[in-house]
Each structure stands twice: as C-alpha cells, then as structure tokens.
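Taking it in order: structure first as structure tokens, then the write-up.
The values are calculated or read from the model by the stated rules, or taken from the named source; none is laboratory data. The structure presented is a predicted model; accordingly, all values stated were derived computationally and were not measured. For neighbour counting, all protein chains shown are included, and Cβ atoms are generated from backbone atoms with ideal geometry for every residue, glycine included. These accessible areas exclude ligands, DNA and RNA; they are computed on the full protein's heavy atoms, side chains included. Shrake-Rupley method; radii C 1.70, N 1.55, O 1.52, S 1.80 Å.
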Amino acid sequence: MEHLIRAKSCMSQAKASRQPSQPDIALKLQLARQWHDQRQLEAAISLYREVIAAKPNHGEALHRLGTALAESTRLEEAAELLSRASALLPQAQEPRRNLAVVLLQLGRKQEALAAFQHLVSVAPTDGAAQNDLGALLLEFGCHQEAVAALDCALQLESDQSEARFNRAQALQALFRHLEALADYDRVVAQQPGSVAAWHNRGLVLVELGEQAQALESFQRALALDSKCAPAHCGSSRVLCSMSRWEDGRAAAERALQLDVQMPEAWINLARALLGLGRGAEAIASCDRALALIDQKDAQAAGTRPAFHHSLVLMLRARALTTADRLEEAMSAYQRLVQLVPGNPAAWSNLGQVQHELGLHEEALASVQRALAIWPRQPEALFGRGLVLLGLGRYDGAWEHLEARWGLATMEAPRHTDRPHWRGEDPAGRSLLLSSEQGFGDTIQFCRYAPLLASRGARVLLEVQRELVGLLKTLPADVEVIARGDPLPRFDAQCPLMSLPGSFATTLESVPAQIPYLSADPAKTVVWRARLGKGPHVGLVLSGSRSHQRDRVRSIELAQTAPLLQAAATFHLLQKDLPQADEAFLASSGKIVDHRPELADFSDTAALVACMDLVISVDTSVAHLAGAMGYPLWVLLPYVADWRWLLSGDRSPWYPQARLFRQSRRGDWHGVLERIASDLRALLAGVPVDE
C-alpha cells in the first residue's frame, strides 16, 4: 500500500464553523497553508496551533496540524488530532484517510482498518481508498473481503496496477490460482520491471503444475534483481520438483546467503538434500526451518503457519527414513498424525516405516487410516498392496499395485491408446506385454508370456534392449522387441507387472515352471573353456544405486572377506561396482572380475550357466539365476521385497533358491556367517538344504 498523506482544503467545512468575532483565523489558516505547501513545517505547525487555541474545534485546522505533525514524524499527536478532525468532519475523506495511514505507521492496524472501512462507506467511489482497504484486509488474512474491496477499486480504475497486484495476492491465498495468474499477467504487462509480480506469478504457476513456466517467471524476477532471495527460493522449489536436486540445492543455498532467516529456503534445501540422499544434512535443514517457524510463531502471538510446520515435520520424518533412523522416523510420523490427523500422506508414510520395522499389521492399520481419508491415495493403495503381497495374501493385493501409476516416481504408462488386457480369453488376439521398471522385474514376470501363447494369443514382448537376446530363449513363440523399436499392430496391451493380477495369481498358483530362460550354448562353451575346473561361485553384492531400496539391499564387498576363505573360485557377476568396492576387489585377489566382458544379459546368463552356485543380494542377477533354474542363495534385508515374502527360506517364484534373511535390521554380518558356514559344508559334501 502506498501511504501518502493528502492534505486537501476542507474550506467548505471550515467556513461553516468560522466565528465572525475572529476574522484573523482565516488569515492565519491561509498563511499556515502557504508555509505548509512550501514545506516550512515548523512555521505552519505554529500557526495551526494558534488557530486551534482560538477555536479548538476547527476541523480543518486540526486536520492540517495532524497532517503536518505526521509529515514531521510526530505520529502519536498526529493520530490524536486527525481523529478529532475526522469526528468533526464526518463526510470529509482526507482526514480519515490520513488518520488511517498514520494508524498504520503506528502499527495500530485494527484502528486503521476501521478508519478505511468508514472512509469507503462515505466515499464508495474512491478507488484509492478501496485499494487501501483491500490491501489492509489482505494483511489481516481476510482474503474474501479483500477481493471484494479490490474488485470495487478495479471497477473504478481498471488500470490501477497496485490494486490488481493486491487482488492477485488475495486470489492466490484463496487458491483461485487461474484468476490470480490472469491478474499477475496483467501486472507484468503493465509493469514488466516488477520483481514481486514476477515472483508471485511463479508461485501461482507452481501451484498450477506449470513448473517450466514457473521457473521462467522466477528467472525473470532474478534478472531484475539477482539478490531477490524469495525468487531464488522459488527456483529451488521448482528445480526440486523437476528432480534437479543439485541445482535445487544451489538455489536454496543462494537464497539463504541472502536471507538466512527464511524458513522456506531451509525447507527447499531439505528437499534437495533428501533428493540427493543426504538424509543427515536434510534433518539439520529441517531443524533450522522448524526453529525459525517457532520463532516467528512466538513473535506473531500464536499465528504459526501450520501448513509449513506440518510440511517440515513430514520432510524431517522422510529424512530420518533416508538416514535409516527408522525408529525416530516412526515417532516423528506418529507425532505428525497427532498434530494433523487428517493428513493421509502422514498416515501412509507411517505405515511404510512400520512395514520397514517389521510391524506389518500396524502398517496395514496406518495405511487403512490414510485410505479412510483419501480412498484413492496412490501411495497408500500401493503400500497396502506391497504389505499384503509380502505376507502372502495375494488375493485382493494385485489390484492395489495398479495404484503405482499414480506415484511420482513412476513413468507414465505407455500404449494407453490400446485396451488393457485384464484376463479375458486371449485366443486369436495380439497382445503387447511391456516392461516398465527394472531388469529384475522384466525377468521375473516375462514367465507369463508363454502362458498367454499357450492360450492362443500372439504375444509381443517389449523389453529393455539389454534383455532382448536373453528373452528370446523363452520356451514359446514370443516376439521379443526392444523398447523404442517399431511395433507391429496389436489388439491389447498389458504392463508386465500387471500380469499377475490379470491371471488372478495366488500363492499356490504362481507359475514356477523353472527354468523358463536359458543361456546361449555357444557363449556358455566359451566361458566353460576359459573358467576351467571348479567349484565356481558367482557373487553379486550390490545393485543400482538409484534403486529405492539400495541402502538396505546392497553389501560392501569387503564384508564378504570371511566368505572368500572357502575353497572355491569366486566370480563377480555384476556389471557395475560402487567406487568404494573397487579398492577391495583390486587388493583381495579372491574375486575374478568379468565386468568388461558382460555386454548384455545374454553374456551374464552364459557366465551364470558355468557357476556351481550363485550368491546374490536382491538384484536382476538373482532373478536371472532363478529363472534359469541354477543353484541360488539370496541375501535379504530384515524386511525383504514382497516377491521374496516376509518370512521363510524359500520363494514361490524360484523354488530352487534358498533365502538368507537378516535376523536384525542391518545385520549382514550374521547373514554372511551363515552363508560362509553353509558354503563350507556344501563344498565338503554335507547337505545344507534342510
């Protein structure tokens, strides 16, 4: 709001109150006005006081003296005099307008609001007054009332950009984002140099999901003022939503260099750090944000921005999860659902953490609370499906997995222009089965392709290019196509991970006709000649670092040192190795490294075919060895992925595989000791399958 003190003549009211016995009052008032206009404030104030001394209820003199005092920053006395003038001149606009402005300067906002409301009641066509009222209502959080006042202001003066900017802010607060965007567009067209308008426009575009346009708007603000901390903060928020975590971190840190007291910037920094997997640092950023929010809460006498507070608590709980501090994360989510019991994401995340802690029934109860609030929440539905599948309760669980398409981490489904096959008779139809996630998922669920072919369907299998050669060994007439290559015509489609649901798979009906994949005989002969006499043991101790559960499934290669004492030749079957494991691999001399020779999965399959045993964590190579029917020992975290179930040492999907589970969360030492012991016994000819 532009606070201008206006001091127009109120001569009509003054004439009405002038006493004939004091003809010099008019002359003194005229001279005082001249001094006032010439900015000789002290001289003007002295004459105004003489007029008031002679006539205490002289409305114009009171108004002008109050105005002069306000201009010389003597606000308390100015407010008292302007209040008296407003009472004496109830129909005059300027005394009450100036009173409202002075009250604002004194921080007496409630009284200022009353003054502006009275002003527009006597002067409803005063566009400036309507704007001032709207701006003050906006400051009070009375957004609907602010919009009404600002509508009036713009009806009176449609080109009043300040009123349009204020209305945009009010509409934004009311979540009327499209209307707010239209106003901001008008403002930046009229005032392209308005940093605040470009910034606020960016915030509205974020809410509308227009991330690229939002980022452009923030950049326009920064081009005008590179030190605009809120614009750096807004850019960080958008960059994080685009998963540009490093750029988001840099933008948040720049905002904090400019304004370290900005909670939103600390929140965005936490988002970025969380995306980068730096959980401990994200927790520290959340703690800084919470401290600032609490500080502002104390200063604002309890007007804590509850949304921001709950958002930070949610981020902090997620960061605790990423940092593998699950008990603390569970406590954080439990606190959050007490504070905001209607937050479905908090209930869903609580269920996820409870599941990771092995509290599976409690997890189902929490997820059910989320679904009671939002019945179609993707995270809750998907999470419920995973828990049920892990418990072996396949009936009714598959349908929940279809909610995965609503997860932010999932790519959009492909081929949706064709009907989704849901289990109806496939005979005589062309069906496209398409991969959607990792290599292991494709290997596990491609087993359904021969089943469809046996029912009379023409089966097209679209998979990752690295798997094409391997999957051509499926025991059926299946046309394997690399993703991105041209597709022939097809009647219907089904993503691979939807096939168990389409087949109504139960724990007892899992199609486990092993093997259903095989190695290229020519490649296998070459490998056997090279490897020589065994026994040969293949090792896979880590998977892709981008995998959501990699922090719990992968093992440092150095931890296998006791295992490597067994009388066998050990072979590295994985194509990629974390940098931290390279030194151990080079120095141990116990593991043969074949990575340069593994171009695709057909090469890996030929090498697996030469192994007497494959020992693997939960990776695609474990699925490969399982699908090929070779001896397989799988190392599993305390809470394994659903396909390995949550208990037992066998898998319905790969019956020949033995499962070695952590007895305590994070305890790979105990698992590796059991495997080392069983491997020694196996090599000595002692049965170990019981």
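Yes or no: residue 383 in contact (Cβ under 8 Å) with a residue 12 or more places away in the chain, under 20 Å from the mean Cα position of the chain (by Cα) and within 24 Å of residue 264 (Cα to Cα)? Give the derivation first.
Values: in contact (Cβ under 8 Å) with a residue 12 or more places away in the chain: yes; under 20 Å from the mean Cα position of the chain (by Cα): yes; within 24 Å of residue 264 (Cα to Cα): no.
It is false that residue 383 is in contact (Cβ under 8 Å) with a residue 12 or more places away in the chain, under 20 Å from the mean Cα position of the chain (by Cα) and within 24 Å of residue 264 (Cα to Cα).
Being part of a helix (DSSP H, G or I), buried (at least 24 other Cβ atoms within 10 Å of the Cβ) and touching a His at 6+ places or on another chain (Cβ under 9 Å): is that true of residue 231 here? Walk me through it before giving the result.
Values: part of a helix (DSSP H, G or I): yes; buried (at least 24 other Cβ atoms within 10 Å of the Cβ): yes; touching a His at 6+ places or on another chain (Cβ under 9 Å): yes.
Yes, satisfied.
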(request) Tell me which of these residue 47 doesn't satisfy, since it passes every other one: (1) more than 18 Å from residue 98 (Cβ to Cβ); (2) open to solvent by 30 Å² or more (accessible area, probe 1.4 Å); (3) not β-branched (Val, Ile, Thr). (result) (2)
(message) Looking at residue 379 and the list (1) out of contact with any Ser or Thr (no Cβ under 8 Å at 6 or more places or on another chain); (2) open to solvent by 30 Å² or more (accessible area, probe 1.4 Å), which single condition is not satisfied?
(response) (1)
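I'm trying to understand the selection: among the residues of segment 234-260, which are among the polar types (S, T, N, Q), modelled with pLDDT of 95 or more and open to solvent by 20 Å² or more (accessible area, probe 1.4 Å)? Steps first, answer last, please.
Pass one, segment 234-260, residues among the polar types (S, T, N, Q): 235-236, 241, 243, 257.
Then drop every residue that is not modelled with pLDDT of 95 or more, which leaves 235-236, 257.
Once the filter is applied, which keeps residues that are among the polar types (S, T, N, Q), modelled with pLDDT of 95 or more and open to solvent by 20 Å² or more (accessible area, probe 1.4 Å), segment 234-260 yields only 257.
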(request) Can you tell me which residue among 614, 552, 639 is surrounded by 15 or more Cβ atoms within 10 Å (Cβ to Cβ) and assigned to a loop (DSSP other than H, G, I, E, B)? (result) 639
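Quick check on residue 455: is it farther than 28 Å from residue 389 by Cα and not small (Gly, Ala, Ser)? Steps first, please.
On the way: farther than 28 Å from residue 389 by Cα: no; not small (Gly, Ala, Ser): yes.
In short, no.
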(request) Could you tell me whether segment 515-522 includes any residue that is closer than 23 Å to residue 394 by Cα, of a type in the set (Gly, Ala, Ser), out of contact with any strand residue (DSSP E or B) (no Cβ under 6 Å at 6 or more places or on another chain) and open to solvent by 50 Å² or more (accessible area, probe 1.4 Å)? (result) no
(message) Being at pLDDT 90 or above, under 30 Å from residue 408 (Cα atoms) and open to solvent by 20 Å² or more (accessible area, probe 1.4 Å) is the filter here; which residues of segment 173-197 pass it?
(response) 176, 177, 178, 179, 181, 182, 185
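Among the listed residues 648, 589, which satisfies the condition of being free of Cβ contacts under 8 Å to residues at least 12 places away in the same chain and within 24 Å of residue 684 (Cβ to Cβ)?
589
When you check residue 461 against the structure, is it among the hydrophobic types (A, V, I, L, M, F, W, C), surrounded by 17 or more Cβ atoms within 10 Å (Cβ to Cβ), part of a strand (DSSP E or B) and in contact with a strand residue (DSSP E or B) (Cβ under 8 Å, 6 or more places away or on another chain), yes or no? Outline the logic, then answer.
Working: among the hydrophobic types (A, V, I, L, M, F, W, C): yes; surrounded by 17 or more Cβ atoms within 10 Å (Cβ to Cβ): yes; part of a strand (DSSP E or B): yes; in contact with a strand residue (DSSP E or B) (Cβ under 8 Å, 6 or more places away or on another chain): yes.
It is true that residue 461 is among the hydrophobic types (A, V, I, L, M, F, W, C), surrounded by 17 or more Cβ atoms within 10 Å (Cβ to Cβ), part of a strand (DSSP E or B) and in contact with a strand residue (DSSP E or B) (Cβ under 8 Å, 6 or more places away or on another chain).
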(request) Report the residue count in segment 294-330 for those that are modelled with pLDDT under 90, open to solvent by 50 Å² or more (accessible area, probe 1.4 Å) and of a type outside the set (Val, Ile, Thr). (result) 12
(request) Would you please list the contacts, defined by Cβ atoms under 6 Å and residues six or more apart or on different chains, that run from a residue in segment 140-161 that is exposed (fewer than 15 other Cβ atoms within 10 Å of the Cβ) to a residue that is part of a helix (DSSP H, G or I) and among the polar types (S, T, N, Q)? (result) none
(request) Name every residue in segment 554-605 that is among the charged types (D, E, K, R) and under 41 Å from the mean Cα position of the chain (by Cα), in order of residue number. (result) 556, 575, 576, 581, 582, 593, 595, 597, 600, 603
(request) Filter segment 617-648 down to residues that are hydroxyl-bearing (Ser, Thr, Tyr) and farther than 20 Å from residue 390 by Cα, then give me how many there are. (result) 1
(message) With under 30 Å from residue 91 (Cβ atoms) and of a type outside the set (Lys, Arg) as the only criterion, which of 203, 154, 174 stands out?
(response) 154
(message) Considering only residues that are free of Cβ contacts under 8 Å to residues at least 40 places away in the same chain and over 24 Å from residue 662 (Cα atoms), which ones fall in segment 535-571?
(response) 569
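Results for (1) hydroxyl-bearing (Ser, Thr, Tyr); (2) out of contact with any Leu (no Cβ under 8 Å at 6 or more places or on another chain), shown as yes or no for each residue.
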{"position": "120", "(1), (2)": "no, no"}
{"position": "136", "(1), (2)": "no, no"}
{"position": "152", "(1), (2)": "no, yes"}
{"position": "158", "(1), (2)": "yes, yes"}
{"position": "169", "(1), (2)": "no, no"}
{"position": "177", "(1), (2)": "no, no"}
{"position": "197", "(1), (2)": "no, yes"}
{"position": "202", "(1), (2)": "no, no"}
(message) Restricting to segment 560-586, count the residues that are touching a helix residue (DSSP H, G or I) at 6+ places or on another chain (Cβ under 9 Å), surrounded by fewer than 20 Cβ atoms within 10 Å (Cβ to Cβ) and polar (S, T, N, Q).
(response) 2
(message) Please determine whether any residue of segment 525-534 is without any contact (Cβ under 8 Å) to a residue 24 or more places away in the chain, farther than 20 Å from residue 629 by Cα, open to solvent by less than 20 Å² (accessible area, probe 1.4 Å) and in a helix (DSSP H, G or I).
(response) no
(request) Considering only segment 406-430, state which residues are open to solvent by less than 60 Å² (accessible area, probe 1.4 Å) and closer than 22 Å to residue 548 by Cα. (result) 406, 407, 410, 413
(request) Could you grab me the full set of residues in segment 414-467 that are in contact (Cβ under 8 Å) with a residue 60 or more places away in the chain, among the small types (Gly, Ala, Ser) and over 23 Å from residue 643 (Cβ atoms)? (result) 430
(message) I'm told residue 57 meets every condition in (1) open to solvent by 30 Å² or more (accessible area, probe 1.4 Å); (2) assigned to a helix (DSSP H, G or I); (3) in contact with a helix residue (DSSP H, G or I) (Cβ under 8 Å, 6 or more places away or on another chain) except one. Can you identify the failing condition by its number?
(response) (2)
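Which residue out of 511, 475 is assigned to a loop (DSSP other than H, G, I, E, B) and open to solvent by 20 Å² or more (accessible area, probe 1.4 Å)? So that I can check it myself, show each step before the final result.
Numbers: 511 fails: open to solvent by 20 Å² or more (accessible area, probe 1.4 Å).
So the residue among 511, 475 that is assigned to a loop (DSSP other than H, G, I, E, B) and open to solvent by 20 Å² or more (accessible area, probe 1.4 Å) is 475.
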(request) Return yes when residue 403 is open to solvent by 10 Å² or more (accessible area, probe 1.4 Å), within 25 Å of residue 330 (Cα to Cα) and touching a Pro at 6+ places or on another chain (Cβ under 7 Å) and no when it is not. (result) yes
(request) Given the conditions (1) under 30 Å from residue 170 (Cβ atoms); (2) surrounded by fewer than 16 Cβ atoms within 10 Å (Cβ to Cβ); (3) modelled with pLDDT of 80 or more, report the number of the one that residue 34 does not fulfil. (result) (1)
